[in-house]
Structure formats: structure tokens, C-alpha cells
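Written below as C-alpha cells is the structure these notes are about.
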Amino acid sequence: MNFHYHILINPAAGSGNAAKTAKKIIQLLDDGDYTYTPYYTEKPGDEREIVERLVELLSPWSKDCEKEHIDHSFHLLVVIGGDGTLHQVVNQFYAMDIQRPVSYIPAGSGNDFARGIGLSRDPEKAFEQITSALQPQPINVFHYEEKIREEQGIILNNVGIGLDALIVATTNASTSKKVLNKYHLGSASYALYLVKAIFTQKTFPILVELNGQSLSFQRTFLCTTTNIPYFGGGVAIAPMADPKKDAIDLVVVEKPDLPAILRFLLQLLRKKHTTNKHYQHFTSSKIRIVSVVPQHGQADGEDMGERSFDMNFSTATQYIWYADKRTEK
């Protein structure tokens, strides 16, 4: 099957690392005599405008695609940027009520989505996974509907309320993130603000509805709804999460006192946190979370602001074009 790669590049992602990654990928495309067209974003929101322009060119996926595209090219969108860039792309597909496969070369700070689905964070290896794939992989994502502000869309990684969202808000507004990204230490920028967030994040009440149950948590410290194990650049907050299963994982951590949460964080670093008595895990295909007391929120590593939330989550599917080396024999 012949391909025409449409390369959507967010050069600002990863504090400029995406621009360097794009140069490497374009060189590989030229060296391999691939057919491609590059598109560069210049400001926030350009991803959606580019997708809107391209959507009629992009090829839909079906089981008969390999036969259908023997004589003409399969037009595939390849995103070079961070998780936030990919988030904007798939949400534009959602807004247009169109399903298209998309590929991804991670070049952001955290790159948790790539880590979660088994896509290499090395640009050249990710390129090989894309160009060697014969079909896309169905990845479980989830749809959200926020009732208070009447928002809805698609989540690739996770939505967090509380500690992780405060870290995201603080980190994204910092200058140290840009410095660390230059040295490929983007994940360290999250860790840098972790200690500060521990001392500033206050507990808050939430209501959770899932599996026919209504659960109340009065001293919530962290609330993360996720379909991959990671957040914050590789922290395996939900190691049992699997983007290939049709379910959403919810992690709630309550904070009885500061020493207890410090013990929890030490366990988190050692990947022993799931046995902590303050760690609670749930799984369901539909989840509702209500947080009346305003808190910081984050979606796929993007700051949602400090506000109240009434969010409904349900499972969805997004096709990602790559070869998952973990499933190959």
C-alpha cells in the first residue's frame, strides 16, 4: 500500500524540541523517497484549522483499505508534537464527527501517550513503527462531558483533579520547563514542582458514580481518570490501566496527614503505591465525578483552570497507525 504522509508539526512543543524532531523526520522521509506534505502550526489552535482543511484529503480506514489503495495512495496524518498537540487533533475529528486514523511522533515534555501505547519516544524508532505498520491499532480513549461549562471532547491519556493538575498548572507556567526540555529532561520539570504541590494542595470532597454505586470521598488529594498507566512524564499512577481494554480506570488518593502522603509518594517512586491504604482504584465503562469545591484540572497534560467539575466519562476508540512492538512475536 502506498502512502502520502501529511505531517502536522507543532514546532513549539517540548519548548522547541518538536522543531528539531521534525527536521530529523523530514530527512528520513527525503532519504526514503516517501511522499509527504508538511504543515506547521504558528500559534495555539492552528492544529484544529489544519485538520479542518485536510480532513477531506485524509483516508478513512476499513478492512478493505489495502485492496482499495493498490493503485492510489492512502493519505495518513502524522502528528509531530506533544500529547497536547495530538489532543487538539483528535478533538477536531470529534468536533467534525469524523473518524480518521492518525499517527504520532512524540516530541513533547511528558509523552505519556506514546509510553502508554508502546510507541517509541525515540523519533527514528517511532518513524520505523509508523512506516512498517500495515494497519492502525484501535486504542481505547474516552469521551467526556462537563456539565457546568457545557464542554465535551475526547481524552487520550487522563483527566486529573487535584495534585497532578496543580503540578501541571505550575509546571506549564514555569520557565524551568523550557530549560529542562532543551536537555530532554521535560519529565523532570514535573518532579521539580511535586514537592511544592504537596504542601499547597488542600484536600477536597468529590462524589463518584460508577457501576451502580455512589461513592463519597471527603479528603481527596488526587483524583485521576485514565486509560493509560502514566501521568506527569512517566509516573505509573495506574499500572493496571491498559489502552487496549474497553474500560476506564479511576484512581482516588485521600490525604489523612502530611507524613502519610509523603509515605505514599515514596511508594509511588518505588511502584509499591497500589498497596497503600489511602490508594483506591476503580474500573468502569462509565464514570461520573463531581467536585463542587473549585480545584485545578488537567486534560492530557493541558491546564483546564481552577474550577468546579461535573464530568461524565465513557469509553471511545481512536485508531493510531503504528506497529506495536510489544505484541509482535
The alpha-carbon center of the stretch 111-156 and that of the stretch 18-65 are separated, in whole Å, by 16 Å
On the protein heavy atoms, probe 1.4 angstrom, tell me the percent of accessible surface of the chain carried by carbon and sulfur.
50 percent
Give me the log10 of I(q) over I(0) for the stretch 232-329 at q = 0.11, 0.15, 0.19, 0.25 Å⁻¹, as the Debye formula computes it from C-alpha points; what are the numbers?
-0.45, -0.84, -1.26, -1.44
Under a plain spin-label model, where a point goes 7 Å from the Cα along Cα-to-Cβ, how far apart in nm are R149 and S73?
3.9 nm
Expressed to two decimals, the stretch 3-135 has a Cα Rg over Rh, using the Kirkwood radius, of 0.94
Could you please tell me the mean projected area of the C-alpha convex hull for the stretch 86-136, averaged over all directions and given in square nanometres to one decimal?
3.8 nm²
Compute the length gained on full extension between Q280 and K43: take 0.36 nm times their separation in residues and subtract their Cα-Cα distance, giving the result in nm to one decimal.
81.4 nm
What is the gain in length, in nm to one decimal, between L28 and R219 on full extension, counting 0.36 nm per residue of separation less the C-alpha to C-alpha distance?
63.6 nm
When the charge dipole of the stretch 144-317 is computed with +1 on Lys and Arg Cβ and -1 on Asp and Glu Cβ about the Cα centre, the Cα farthest towards its positive end, among L258, S291, F217, belongs to L258
Heavy-atom accessible area per residue of the chain, all protein chains kept, 1.4 Å probe, expressed in Å², is 46 Å²
So what is the diffusion coefficient of the stretch 144-317 in µm² per second by Stokes-Einstein at 25 °C and 0.890 mPa s, using a Kirkwood Rh over Cα pairs?
151 µm²/s
Taking the alpha-carbon set of the chain, what are its Rg and Dmax in Å?
19.8, 65
Let's test the formula: R0 of 45 Å, r as the Cβ-Cβ distance of S62 and E306. What FRET efficiency results, to the nearest 0.05?
0.55
Angle check, please: helix 17-31 long axis (alpha carbons) against the longest principal axis of the chain (alpha carbons), in degrees 0 to 90, nearest 10.
30 degrees
Extension gain (nm, one decimal) between M96 and V55, 0.36 nm per residue minus Cα-Cα:
13.8 nm
Selection from M96, Y40, L54 lying farthest towards where the dipole of the stretch 3-135 points positive, charges on Cβ
Y40
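The values are calculated or read from the model by the stated rules, or taken from the named source; none is laboratory data. These figures come from a predicted structure and were not determined experimentally. Backbone-built Cβ (ideal geometry, glycine too); neighbour counts: all protein chains shown. In case anyone asks, the SASA skips ligands and DNA or RNA and just uses the protein heavy atoms, side chains included. Shrake-Rupley method; radii C 1.70, N 1.55, O 1.52, S 1.80 Å.
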